[in-house]
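The structure appears right after this line, and notes come after that.
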Amino acid sequence: MTYILYTDGGCRGNPGKGGWGYHLITSENKIIEDCGFEQYTTNNQMEMTAVLEGCSRIPYSSTVTIYTDSTYVKNGITKWILNWKQNNWQTSAKKPVKNQKYWVALDDLNKHYDITWKWVKGHSNVYGNERADTLANQAMDQGAKIV
């Protein structure tokens, strides 16, 4: 099975009220979407949560192309994480890696899926990315009204 996953997350205030969203396209061209709200979080945490939530809808051993507009997520999972793990989750400046629990969870995805990680420029009229952004903002709007 092959999937295409577009993800986005954001915050109003950083930290602040946050939202995540994903737009998932299955091999059969079925669209699956979802979004969620956090009362107090960071932009980076919402970006990572969008990926984790989207992948939770995909069967293990599937081939997945993940599009994110977050260079933090893309570079973190494809470049920086190897050194972080070798350095016992410390940065090159010997400080603890921020958001370690999210990085561990994202790294675990690479064990269960055949993932290609891609960066897409935000707000560049890429439909899946725009849709994920809309969902993340919708979650923030609705969550702010509920809380």
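The values are calculated or read from the model by the stated rules, or taken from the named source; none is laboratory data. Note that the coordinates shown come from a computational prediction; the quantities given were computed from them, not determined experimentally. Positions of Cβ are generated from backbone atoms using ideal geometry, with glycine treated the same way; all protein chains shown enter the neighbour counts.
Among the residues of the stretch 28-51, is there at least one that is without any contact (Cβ under 8 Å) to a residue 60 or more places away in the chain, surrounded by 20 or more Cβ atoms within 10 Å (Cβ to Cβ) and in a strand (DSSP E or B)? There is at least one residue in the stretch 28-51 that is without any contact (Cβ under 8 Å) to a residue 60 or more places away in the chain, surrounded by 20 or more Cβ atoms within 10 Å (Cβ to Cβ) and in a strand (DSSP E or B).
Which is of a type in the set (Phe, Trp, Tyr) and out of contact with any helix residue (DSSP H, G or I) (no Cβ under 7 Å at 6 or more places or on another chain), of TRP80, TRP117, TRP89? Answer to the check: TRP80. Mind listing just one residue for me: the one in the stretch 114-147 that is of a type in the set (A, V, I, L, M, F, W, C) and over 12 Å from GLY10 (Cα atoms) and, of those, surrounded by the most Cβ atoms within 10 Å (Cβ to Cβ)? Result: ILE115. The numbered conditions (1) out of contact with any strand residue (DSSP E or B) (no Cβ under 6 Å at 6 or more places or on another chain); (2) surrounded by fewer than 15 Cβ atoms within 10 Å (Cβ to Cβ) are all true for ALA105 except (2). Taking each residue of the stretch 1-21 that is over 12 Å from MET140 (Cα atoms) and looking for partners that are part of a loop (DSSP other than H, G, I, E, B) and aliphatic (A, V, I, L, M) with beta-carbon atoms closer than 6 Å, six or more apart or interchain, yields TYR3/ILE58.
Among the residues of the stretch 97-124, those identified as at pLDDT 95 or above, in a loop (DSSP other than H, G, I, E, B) and not hydroxyl-bearing (Ser, Thr, Tyr) are VAL97, LYS98, ASN99, VAL120, LYS121.
Does ILE77 qualify as being in a loop (DSSP other than H, G, I, E, B), at pLDDT 95 or above, crowded, with 18+ Cβ neighbours inside 10 Å and not hydroxyl-bearing (Ser, Thr, Tyr)? I'd like the intermediate steps shown before the answer.
Working: in a loop (DSSP other than H, G, I, E, B): no; at pLDDT 95 or above: yes; crowded, with 18+ Cβ neighbours inside 10 Å: yes; not hydroxyl-bearing (Ser, Thr, Tyr): yes.
In short, no.
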